[in-house]
1. Below 26 Å, Cα to Cα, which lysines can LYS85 reach? Residues fewer than 8 away in the same chain don't count.
2. Can you give the local net charge around ALA14? Use residues other than it whose beta-carbon is closer than 14 angstrom to its beta-carbon, Lys and Arg +1, Asp and Glu -1.
3. Can you put TYR3, TYR33 in order of accessible area, largest first, using a 1.4 Å probe?
4. Please compute the length gained on full extension between LEU31 and VAL114, using 0.36 nm multiplied by the number of residues separating them and subtracting their Cα-Cα distance.
5. Count neighbours as other Cβ atoms within 10 Å of each site's Cβ, and list the GluC sites (Glu not before Pro) in segment 77-120 that are DSSP loop with at most 12 such neighbours.
6. Which one of THR65, LEU39, THR78 is farthest out on the positive end of the charge dipole of segment 38-78, using unit charges on Cβ (Lys, Arg +1; Asp, Glu -1) and the Cα centre as origin?
7. If you place +1 on the Cβ of every Lys and Arg, -1 on the Cβ of every Asp and Glu, and leave all else neutral, what size is the dipole of the chain about its Cα centre, to the nearest 20 Debye?
8. For segment 38-95, count the residues as N, evaluate 2.2 N^0.38 Å, and divide the Cα radius of gyration by that value, please.
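The values are calculated or read from the model by the stated rules, or taken from the named source; none is laboratory data. Keep in mind the model is a prediction, meaning the values are calculated, not measured. Here Cβ is always computed from backbone atoms with ideal geometry, including for glycine, and neighbour counts include all displayed protein chains. What goes into the accessible areas is simple: the full protein's heavy atoms, side chains included, and nothing from ligands, DNA or RNA. Shrake-Rupley method; radii C 1.70, N 1.55, O 1.52, S 1.80 Å.
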Amino acid sequence: MAYVDGFVIAVPTANRQAFIEHAEKFDPLFLEYGATRVLECWGDDVPAGTHTDFQRAVAAKEDETVAFSWVEWPDKATRDAGMAKMMADERLDPETTPMPFDGKRMIFGGFVPVVEIGTR
């Protein structure tokens, strides 16, 4: 069964192009390590909620945009092995290739699909 990693981050709006370039450079590593698909999405219609919302979840500031991303894997074992390899990959060292956002405010998690309708 498939496995999905989801990510929500606050990106300085001025860093939109840097975010895209960072994703284009590093997202292929997910595929290299076994993922089947990666999507990076820029907030377009992300309303403020009454009790909770994406902005509060990542402590987004007024000059930031919420980005939502996910990585699809064939199964959890492939994901676990792939993520371990990514974390050890020197190409992802934040000292030499800094992220265009504050990674400390990223929320993320792994999910088991329970319903899938339609095709990709």
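1. Leaving aside lysines fewer than 8 places away in the same chain, those within reach of LYS85 are LYS25, LYS76, LYS104.
2. Within the 14 Å Cβ shell, the charges total -3.
3. Most to least solvent-accessible, the answer reads TYR33, TYR3.
4. Computed gain between LEU31 and VAL114 is 27.6 nm.
5. Answer by residue number: GLU95, GLU116.
6. THR78
7. Values: 12 positive and 21 negative charges, 48 e Å.
Roughly 240 debye for the chain.
8. Details: Rg = 15.5 Å, N = 58, 2.2 N^0.38 = 10.3 Å.
Ratio of Rg to 2.2 N^0.38 Å for segment 38-95: 1.50.
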